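I have placed the structure first, in the form of structure tokens, so that the comments after it can refer back to it.
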Amino acid sequence: MTKYEVYDLTRYFHNVRKKDGSLNPILGEDATALTACLSYLLEDTNFVIKAYSGTGKTVIMDAIFGLLPEEFYHTMEHLSETAVWYEAPKINRSRFVAIPEAQKLPEPVMEVVKTWGDGRAAFRKRTDVTIGETVETRLNPKYVFMCVAVENNKGSSYFDAELERRCMIMHTNPTVKQTERVVKHKLMTAAVPMSKVTTMTTEEIAGLRQHILDAIVKRDSEEALELKNPCAPFLFEAIPSAFPVSRSKVQYLLRLINAVARFYPDEILRVNKDGKQYGLVTPKHNWLGLRIYLNSFVEECLHMPSHGTDILKLFPDTRLDKFGFADGETIRMSSNEIKKAAKAVGLPFTKLEPILVGLVMTGFLEVDEDKGKRMYYKSPLIDEPVAKINWSDLIEETKEFVRENWPEVGREYTGRHCGSIQIVDPFTGDNITLGERAKRASEVETTAPKPFKAYKDYIYVEKYTGKDLKKDLLLHAEGDYDEKEIEEIYTRWSSKKS
């Protein structure tokens with residue numbers, strides 16, 4: 001029997017096909033696609049992708065629902081206030097609900113979605129004139145996947161904090177680099193047979209669909225199975241506890257880890273305790289969950305404004321002088337200069353001020369006054385979020401925790417899941433071993449050796465097996481290379497191969 005890895009989901013997203021068989025891959029959005037797919041389908045987490053129009057929100061949504069039989073989901077389009085109630089039979093029969101353009105739904109329909117977010121059914125009473133009686137319509141609670149265009153002011157007015165706290169939220173990448181990646185792939189697809197640009201067969205995709213469906217059905221049939229994570233107490237170092245929002249957001253990190261466990265149902269160790277059935281999550285599942293979602297989770301906990309990460313990348317890191325202040329070399333930029341820099345890299349910001357204010361309030365940016373002009377610079381006190389967990393320590397602590405709190409299965413759990421743990425990286429497909437010399441989840445990708453701009457590019461060239469290196473490097477590279485750099489890479493590669 002084929003054993004599927006989370007990495008196979010990444011491969012699927014790189015090889016998505018439309019119903020007519022044409023390619024419609026998701027490129028450069030691996031973390032968002034994996035988080036959405038696992039959390040929504042396997043852990044029943046209401047999910048939202050908030051992003052600018054045309055940046056791939058619905059492509060990700062379509063790919064995820066493409067893993068399901070059509071009878072498993074219902075799509076809510078631009079319904080009127082009453083139309084949703086006439087679709088009640090279809091909605092009640094479905095397992096999931098897709099909302100491609102949530103900002104276009106009428107406010108009363110959005111209130112239904114909020115009610116579902118609380119796990120409650122929505123009701124509507126009306127008088128049926130044909131029988132002269134009051135009739136009640138019920139919409140059973142559903143788990144929703146929504147896409148929201150952030151530039152639509154009308155929708156954002158009632159897509160408010162009350163709704164957002166009920167959902168896991170992520171964003172797509174709006175940059176020029178990402179656009180170039182997609183356009184290059186589409187141009188290549190137009191130039192060569194599909195077999196040249198696909199890396200997953202139709203049979204493999206069908207098998208992955210069946211695997212996901214089996215995991216969903218197994219989860220539904222085991223409603224009484226409650227997942228417990230013996231590693232959870234030792235994840236504390238990764239949680240930004242200085243921010244109160246962590247209290248609610250941490251549930252999404254734990255849910256994603258549970259979803260990873262559900263992707264590997266045979267690895268969940270089941271145990272009956274006090275008349276209840278539990279399933280124990282393993283260190284492997286924790287490592288994969290943090291690898292996929294940790295950075296996005298930390299940014300959410302820090303109240304990182306929408307696309308704040310993209311703005312921060314416009315600034316070089318700020319160094320401290322001997323007095324603890326930003327040194328004289330620090331780059332300071334006015335809002336107009338930031339807007340020009342954002343435009344140059346393809347960030348489609350029309351209203352920059354709210355993002356800058358949010359970044360200043362949360363401490364990511366600092367501001368100086370220069371002749372009445374506000375000049376922004378990157379805070380020297382905040383780095384991009386990375387995992388702080390020592391995995392060899394975590395595994396040892398988990399062993400002791402299981403022996404004490406789950407003695408019924410302590411020996412089996414530590415023997416099966418706490419030795420030399422083999423993991424397939426969800427993004428690269430590399431084999432990772434957790435153990436004494438365990439890598440941190442966020443440290444799998446290391447600094448790229450010159451002249452490479454990104455570690456993924458270095459790995460791509462090192463593993464290269466044939467074809468035209470120069471052409472393929474231009475198509476697949478993470479970084480932007482000029483002709484001289486490409487020639488240097490090509491020369492080094494050629495000398496190694498010879």
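The values are calculated or read from the model by the stated rules, or taken from the named source; none is laboratory data. Here the structure is a predicted model, which is why all the values come from computation and not from measurement. So basically every Cβ, Gly included, is an ideal-geometry build from the backbone, and we count neighbours across all protein chains shown. These area figures cover heavy atoms from the full protein model, side chains too; ligands, DNA and RNA do not enter into them. Shrake-Rupley method; radii C 1.70, N 1.55, O 1.52, S 1.80 Å.
Output yes when any residue across the stretch 271-278 is surrounded by 14 or more Cβ atoms within 10 Å (Cβ to Cβ), more than 24 Å from the chain's Cα centre (by Cα) and aromatic (F, W, Y), and no when none is. Yes. Of the residues making up the stretch 73-102, those that are closer than 30 Å to Q178 by Cβ and open to solvent by 10 Å² or more (accessible area, probe 1.4 Å) are Y73, T75, E77, H78, P100, E101.
Taking first residues from the stretch 169-196 that are open to solvent by 50 Å² or more (accessible area, probe 1.4 Å) and partners that are assigned to a helix (DSSP H, G or I), the Cβ contacts under 6 Å between residues at least 6 apart in sequence or on separate chains come to K184/L475.
Check T45 against each of (1) among the polar types (S, T, N, Q); (2) outside any helix (DSSP H, G or I); (3) surrounded by 15 or more Cβ atoms within 10 Å (Cβ to Cβ); (4) out of contact with any Phe, Trp or Tyr (no Cβ under 9 Å at 6 or more places or on another chain) and name the one condition it does not meet. With (1) among the polar types (S, T, N, Q); (2) outside any helix (DSSP H, G or I); (3) surrounded by 15 or more Cβ atoms within 10 Å (Cβ to Cβ); (4) out of contact with any Phe, Trp or Tyr (no Cβ under 9 Å at 6 or more places or on another chain) applied to T45, the lone miss is (4).
Just so you know, in the stretch 368-391 the residues that are open to solvent by less than 50 Å² (accessible area, probe 1.4 Å), more than 26 Å from the chain's Cα centre (by Cα) and at pLDDT 80 or above include one that is farthest from L290 (Cα to Cα), and it is M375.
Every residue in the stretch 392-412 that is of a type in the set (F, W, Y) and open to solvent by 30 Å² or more (accessible area, probe 1.4 Å), please. Quick ask: steps written out before the conclusion?
Initial filter on the stretch 392-412 (of a type in the set (F, W, Y)): 401, 406.
Listed by number, the list holds a single entry, F401.
Residue selection: L235 satisfies the criterion of being open to solvent by less than 30 Å² (accessible area, probe 1.4 Å) and out of contact with any Gly (no Cβ under 7 Å at 6 or more places or on another chain).
Restricting attention to the stretch 126-143, the residues that are open to solvent by 50 Å² or more (accessible area, probe 1.4 Å), farther than 22 Å from R93 by Cβ and touching a strand residue (DSSP E or B) at 6+ places or on another chain (Cβ under 6 Å) total 2. For first residues located in the stretch 251-267 and open to solvent by less than 10 Å² (accessible area, probe 1.4 Å), partners that are of a type in the set (D, E, K, R) and assigned to a helix (DSSP H, G or I) and lie 6+ apart or on another chain with Cβ distances below 6 Å form the pairs A259/E43.
Does E71 satisfy being free of Cβ contacts under 8 Å to residues at least 12 places away in the same chain and in a helix (DSSP H, G or I)?
Values: free of Cβ contacts under 8 Å to residues at least 12 places away in the same chain: no; in a helix (DSSP H, G or I): yes.
No.
When only residues in the stretch 160-212 that are acidic (D, E) and at pLDDT below 85 count, which is nearest to S296 (Cα to Cα)? Per the criteria, the residue is E164.
Would you pick out the residues in the stretch 197-213 that are open to solvent by less than 80 Å² (accessible area, probe 1.4 Å) and either touching an Asp or Glu at 6+ places or on another chain (Cβ under 8 Å) or in contact (Cβ under 8 Å) with a residue 12 or more places away in the chain (or both)?
So the first thing to find is which residues in the stretch 197-213 are open to solvent by less than 80 Å² (accessible area, probe 1.4 Å), and the list is 197-198, 200-201, 204-208, 211-213.
Those that are open to solvent by less than 80 Å² (accessible area, probe 1.4 Å) and either touching an Asp or Glu at 6+ places or on another chain (Cβ under 8 Å) or in contact (Cβ under 8 Å) with a residue 12 or more places away in the chain (or both): V197, T198, M200, E204, I205, G207, L208, H211, I212, L213.
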